[in-house]
Amino acid sequence: GENVEQHPSTLSVQEGDSAVIKCTYSDSASNYFPWYKQELGKRPQLIIDIRSNVGEKKDQRIAVTLNKTAKHFSLHITETQPEDSAVYFCAALFSGGSNYKLTFGKGTLLTVNP
Amino acid sequence: EAQVTQNPRYLITVTGKKLTVTCSQNMNHEYMSWYRQDPGLGLRQIYYSMNVEVTDKGDVPEGYKVSRKEKRNFPLILESPSPNQTSLYFCASSPRRVGEKLFFGSGTQLSVL
């Protein structure tokens, strides 16, 4: 099955700095890669996603890049703010025949220090 | 308001006592799924459903059952709960049939003693 590795497991930055979280996936048949943000005690929420036919996608301070050849994708947050502090999860959607499985990474705890 | 509703929010039970966690969505989504979240392990998919009467196993289906008799509801059933099923459970639905752009419920914290 699909395996998604996420690094780092914890990340601490100063307010205003950039943060980068990286994920690698094992199955080249995966074609959709979302990122979810989970604040403490809350539900995960989708913040950005990318398909395998696109190399980069931006939404204000957030961007995701995808390298299909190397099978890795990254989340970039610029000008970090304290409200960006949360756990971030990457995921990969494997699709094969009638089988669709979404596999998550183990998460990155991002702390933005004021 | 568009939402995914899970009940109960918290549940404490004992080993072997059958329980059901309900999940309902009001967005007319075809896709629904269940995940468990454990510290250090992230979110792991238990079961998913791409349509009424269609369910498939995720990565950790052992010890769980689901049913999709109608589009809006997707209950998670633990026939004989064990302590290793103590976890935070999330239900989610998606406007896309294959599970993209998930909307999560508020979660159910289950403790099996």
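At-a-glance table
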quantity	calculated
Cα-derived Rg to Rh of chain A, Kirkwood definition	0.97
Where the Cα pairs of the protein assembly as shown fall when distances are cut into 10 Å bins, in %	8, 33, 35, 19, 4, 0
Per-residue SASA entry for B:THR15, accessible area with 1.4 Å probe, Å² rounded to 10	80 Å²
Occluded residues from region A:95-114, i.e. those whose accessible area drops by 50 Å² or more once the chain is not alone (1.4 Å probe)	A:TYR100, A:LYS101, A:LEU102, A:PHE104, A:LYS106
Accessible solvent surface per residue of chain A, calculated while the other protein chains remain in place, 1.4 angstrom probe, Å²	49 Å²
Gaussian network model of chain A, springs between alpha carbon atoms under 10 Å - residue of A:THR69, A:THR80, A:THR103 with greatest fluctuation	A:THR69
Buried accessible area, chains A and B (both chains, 1.4 Å probe, Å² to nearest 100)	1900 Å²
Share of carbon and sulfur in the accessible heavy-atom surface of region B:1-101 [1.4 Å probe, %]	50 percent
Accessible area of region A:45-114 belonging to carbon and sulfur atoms, whole % at 1.4 Å probe	48 percent
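The values are calculated or read from the model by the stated rules, or taken from the named source; none is laboratory data. None of these values were measured; they are calculated from a predicted model. Heavy atoms of the whole protein, side chains included, go into the accessibility calculation; ligands, DNA and RNA do not. Shrake-Rupley method; radii C 1.70, N 1.55, O 1.52, S 1.80 Å.
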